[in-house]
Amino acid sequence: RPGRKTPSMTMTRPNAISTHGYSETMPCEPESASRARRLVRAALSTWDLGNLIEDGTLIISELVGNSVRHSGCRLLRVSVRLPERDRVRLAVTDKCLQPPTALTPRGDEETGRGLLLVEAMADRWDTEYRAWGKTVWAELRAKADS
């Protein structure tokens, strides 16, 4: 119908930090993981790093999921940056000061493996603290074609 808003018309658009980065503020809710994956997919495609999409979207899903489950915040910010031609930094920022903790779940537990996956897939990851919250980031490196 003319004049009727669709969900895609009401969503915020990602902000270009520069030609080497994008970010988007999202509600701190499970549905934001799919928005974060779209942002990562679009950025990596733009930078011709399609070979990192599978790992990048899984990592950002885990980082968003941790923020949603543990921060208690209303909003989170997802960013995707290209600090070097072969290195991508994925990050989730929230206003919670509690550090992320990698758990060792029992074999039958369905949760608690997020940071273990991030650690296994990322080249490196860490947390940066601010007076108002934290940013959990992970980096991927593009591998040379064999």
Check whether at least one residue in the range 50-70 is surrounded by fewer than 18 Cβ atoms within 10 Å (Cβ to Cβ) and either at pLDDT below 85 or not in a helix (DSSP H, G or I) (or both), and report yes or no. no
Quick one: is residue 39 of a type outside the set (Lys, Arg), touching a Pro at 6+ places or on another chain (Cβ under 7 Å), on the phi < 0 side of the Ramachandran plot and not in a strand (DSSP E or B)? yes
Can you tell me which residues in the range 98-135 are modelled with pLDDT of 65 or more and among the acidic types (Asp, Glu)? 119, 123, 126, 128
Within the range 24-33, tally of residues that are of a type in the set (Gly, Ala, Ser) and either assigned to a loop (DSSP other than H, G, I, E, B) or under 18 Å from residue 52 (Cβ atoms) (or both): 1
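The values are calculated or read from the model by the stated rules, or taken from the named source; none is laboratory data. Predicted, not measured: the structure shown is a model, and the values here were computed from it. Here Cβ is always computed from backbone atoms with ideal geometry, including for glycine, and neighbour counts include all displayed protein chains.
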